[in-house]
Each structure stands twice: as C-alpha cells, then as structure tokens.
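Every read-out reported here was derived from the displayed coordinates using simple, explicitly stated rules and does not represent laboratory data. None of the values given here were measured: they were computed from a predicted structure. Ideal geometry is used to build each Cβ from the backbone, glycine not excepted, and the neighbour counts take in all protein chains shown.
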Amino acid sequence: MGRWALHLPDGAGWLHVHDNEGFLDAELLWYGGSVLPVANVYVNDGVLTVTRTSNVVRQRDAQGEPARAHTVTNRLELRRQGNRLVGKGIFPSRNAMGHTVVYFEGDKIPDLPPSPDLSTIDYGDPITLFNGRDLSGWSLINPKHKNGFLVEDGALINNPVQPDGEHHIRYGNLRTDQTFEDFNLKLQVNIPPGNNSGIYLRGIYEIQVLDSYGQPLDSHHMGGLYSRIAPSVAAEKPAGEWQDFDITLYKRHVTVVLNGKTIIDNQPVLGVTGGALTADEFAPGPIYLQGDHGRVLYRDIVLTPILN
C-alpha cells in the first residue's frame, strides 16, 4: 500500500496502491502521458501484479470503422524488498511476435507534510534564466534531438516545424543548465491557436501550457499540474496574447497564479508527472520546456530560490 516512485530506464514512473472501499486498487504513471487507473491489481505468493490494457484496431471495414480489435494487456510484476520494490514490465510487441521486458525498481514515497505557510518563506536573490538575446544557460536534454528553440525580439520561441511529406522530426526539450530545489518562478507565455507546451518544475512536475481558452476546467488544460491538479478557475486568455505565470513550489506543494488569478492554491503534489526526468522528488532539478509539441513563445523568465 502507498505511493511509490518508479525508477525506469531513462525515465520515471509512479504507482499508488490502496484500498478502495474494500477492494485493492491502483493508479499508474509509466514514462509519459497521464496518471491512470489500472485495469487490475492483485497479490499472489508475494508478487504484486498490475495490468493496463489498450484497444488496438487490427482491421477496418470499407467505411473505415473498426472491424476487428484486440485488447492488449501490459503487465507489471513487483516484489517488495523492505522499502523498495523490484519489478519488471512485460509489453507485447506490436507485431504480436514476442514481448519486451523492462526491469525497474521503486522507492516508497514519504508522506506529504501539511500545507506549508507561504507567508514564512525566505527568498534568495532572483535569477534571470533567459537573457532575451540567446540560449545561454539552456541546453537540449537529449542532444541527439533537433533544437526547435530560437530567440527573436526578446522572446524564446519554440518552433518545431514538420516539413510536409518528410519523415517526422524529433524535436528536443530545453532545460536550464542550473538546478534548483524549491522556488518561485515568474514568466510570460504566448500560445498561438491550437498549440501547447509544458513548463517542468525541477524537471519532474509539468505545468500545462495550452490554448484551452473557453474550455472546461481540466488538469490537462492551461495552468493545471498535468493529469494531477485541475485549475480551480479558468484564467487563461485567448490564443496569441501574452499571459503571466507566477508559480511557487515549496515542500511538495504547488501554487499557480495565472494572469493574476490563483488557480492552484498551495495544493499537495502526490508524485511526478509524465515526462519527468527522474522519479526522485527530493533532488534538485532544472526548469525544462517541452519542445516537441507546438509553437510557443516565452519571455521574462525569472526564478527566485526559497532558502528555508
């Protein structure tokens, strides 16, 4: 039982196992995407088995409608060793010939502290993360990916163009060379119609950046902690306008002020989000910006460390 940080090869995951009104239940994050309920979870002979399913269409009829589909089951098998989990993930191959096995370990996540008193914070000196002229202080997380970031008119612009009729280009995410613990982060963002990105706090918690003006409140929409905490009010502006973020991460609690409105108010963060660089919530980490989604502009990026 409890929340577990999953240390995956070149990535991070999260597992929550709990009693749900009399039956064993779980939610899982595996590398990217959202935290989702599992298909099933059970224990047998000291092994915790967790399954997730997906529907794969194999054939379509003349009208393009699904004619035959398979329910593909991915399986995790985990054993507990003290406060650690040792496990493997078993994933059927797309062509149904064999499977891939991923070995990983997990650590029990300590309970969250009570909501901290933000009025007691001691701040250090502000750090300007973007100088408005070039990419000094920033690097691609994976240097093998293409860099879609450039600087124009004092703005940091991500422009991941995909040429028509050519192979898909894998654009990289951009991170600060510096790492940080708790902090306040202020920046401005401009989202053209239909685009999205993400601001990762300490490289593990994504604040969503999305053209979601006029849409219902959702943890996947502008200013939400992706798939974990939905904004309490809609504060985003229409696409193409500059918007102001004021984000505080302190003792595993997050506060997000968007365009002057508090949309997440000192809420506990239960674990990492999809795309996290690591499952370790207690190590310093960078600010990183998603670069493989769409055209988004950033400017006036200033981080103020928290000293206590």
Which of the numbered conditions does residue 157 fail, given that it passes all the others? Conditions: (1) crowded, with 20+ Cβ neighbours inside 10 Å; (2) over 17 Å from the mean Cα position of the chain (by Cα); (3) in a strand (DSSP E or B). (1)
For residues that are surrounded by 11 or more Cβ atoms within 10 Å (Cβ to Cβ) and either touching a residue at least 24 places away in the same chain (Cβ under 8 Å) or hydrophobic (A, V, I, L, M, F, W, C) (or both), scanning just region 100-112, find the one that is farthest from residue 90 (Cα to Cα). 112
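Is it true that some residue in region 234-253 is among the polar types (S, T, N, Q) and either without any contact (Cβ under 8 Å) to a residue 40 or more places away in the chain or out of contact with any strand residue (DSSP E or B) (no Cβ under 6 Å at 6 or more places or on another chain) (or both)? Can you show your working first?
Narrowing region 234-253 to residues among the polar types (S, T, N, Q): 243, 248.
Now drop any that are not either without any contact (Cβ under 8 Å) to a residue 40 or more places away in the chain or out of contact with any strand residue (DSSP E or B) (no Cβ under 6 Å at 6 or more places or on another chain) (or both), which leaves none.
No, the conditions are met nowhere in region 234-253.
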Being in contact (Cβ under 8 Å) with a residue 40 or more places away in the chain, closer than 26 Å to residue 308 by Cβ, part of a loop (DSSP other than H, G, I, E, B) and of a type in the set (D, E, K, R), is that true of even one residue in region 204-221? no
Filtered residues of region 282-308 (kept if in contact with a Leu (Cβ under 8 Å, 6 or more places away or on another chain) and of a type in the set (Lys, Arg)): 299
Pull up region 122-138, narrow it to residues that are outside any loop (DSSP other than H, G, I, E, B) and among the aromatic types (Phe, Trp, Tyr), then point me to the one that is surrounded by the fewest Cβ atoms within 10 Å (Cβ to Cβ). 123
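Are any of the residues in region 202-214 surrounded by fewer than 14 Cβ atoms within 10 Å (Cβ to Cβ) and either within 20 Å of residue 257 (Cβ to Cβ) or touching a Gly at 6+ places or on another chain (Cβ under 8 Å) (or both)?
To start, the set of residues in region 202-214 that are surrounded by fewer than 14 Cβ atoms within 10 Å (Cβ to Cβ) comprises 214.
Imposing the further condition that a residue be either within 20 Å of residue 257 (Cβ to Cβ) or touching a Gly at 6+ places or on another chain (Cβ under 8 Å) (or both) reduces the set to none.
Looking for residues that are surrounded by fewer than 14 Cβ atoms within 10 Å (Cβ to Cβ) and either within 20 Å of residue 257 (Cβ to Cβ) or touching a Gly at 6+ places or on another chain (Cβ under 8 Å) (or both), one finds none in region 202-214, hence no.
Only one residue in 141, 90 is under 21 Å from the mean Cα position of the chain (by Cα) and surrounded by 13 or more Cβ atoms within 10 Å (Cβ to Cβ), so which one is that?
Values: 90 fails: under 21 Å from the mean Cα position of the chain (by Cα).
Just a single option satisfies the conditions, and that option is 141.
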